[in-house]
Amino acid sequence: MSHGEVLEFEEYVRTRQDALLRSARRLVPDPVDAQDLLQTALARTYGRWDGIADKSLADAYLRRVMINTRTEWWRARKLEEVPTEQLPDASVDDATEQHADRALLMDILKVLAPKQRSVVVLRHWEQMSTEETAAALGMSTGTVKSTLHRALARLRQELESRAVDADVRALERDGRAGRADGRGLERGRERCAA
């Protein structure tokens, strides 16, 4: 790579690093992992920088590298982690409620397959069009639409499931669900289903 291309790449990284880090942060839940993901993607892109003829497409190219890298990491992960039924209290009365909602959403995104998560992130966080998302992921627009539909349905299902579980646990904690005849728990489930 020529000296001019090296300077061009450095300038690109300097001007786009914040936006690219936000993209990486949406692909992986941990901020440190997001930095690692971006760094790995930049290192891989650096080696191929001179092959990118249209530099205006560098963001799309880099996002694709991040998605592929994240997918590689996901496939190589150790399955020693055990999901838990416990969720932190989601009801916060101050300004941190928005942060709690975001944390819950990031947690719920983990139930999606990597392809579904990529489509949701690009369409809803990056606000790419269906066509742009399809081009970035190398799939047809129909596949993007159907994948997005299934992913959003799965997210809704997971949110509803967690809301019902949280309501039932709250009733049990309050002691109303612990009645000997079981009517308290049944009423709680009816109220949650309504």
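Here are some notes:
- Residue match in the range 92-103 (condition: open to solvent by 90 Å² or more (accessible area, probe 1.4 Å), modelled with pLDDT of 85 or more and closer than 19 Å to residue 126 by Cα): no
- Which numbered condition residue 154 fails, given (1) open to solvent by less than 70 Å² (accessible area, probe 1.4 Å); (2) under 30 Å from residue 85 (Cβ atoms): (1)
- Here 140, 118, 161 are screened, and the one residue that is among the polar types (S, T, N, Q) and open to solvent by less than 20 Å² (accessible area, probe 1.4 Å) is 118.
- Test for residue 39: is it in the same structural domain as residue 73 (by the TED database), surrounded by fewer than 17 Cβ atoms within 10 Å (Cβ to Cβ) and farther than 20 Å from residue 110 by Cβ: yes
- Members of the range 139-171 found to be hydroxyl-bearing (Ser, Thr, Tyr) and either free of Cβ contacts under 8 Å to residues at least 24 places away in the same chain or not in a helix (DSSP H, G or I) (or both), listed by number: 140, 141, 143, 146, 161
The values are calculated or read from the model by the stated rules, or taken from the named source; none is laboratory data. Because the structure is predicted, anything quoted here is derived from the model rather than measured. So basically every Cβ, Gly included, is an ideal-geometry build from the backbone, and we count neighbours across all protein chains shown. The protein model used for the area step is the full one, side chains on, heavy atoms only, and it has no ligands, DNA or RNA in it. Shrake-Rupley method; radii C 1.70, N 1.55, O 1.52, S 1.80 Å.
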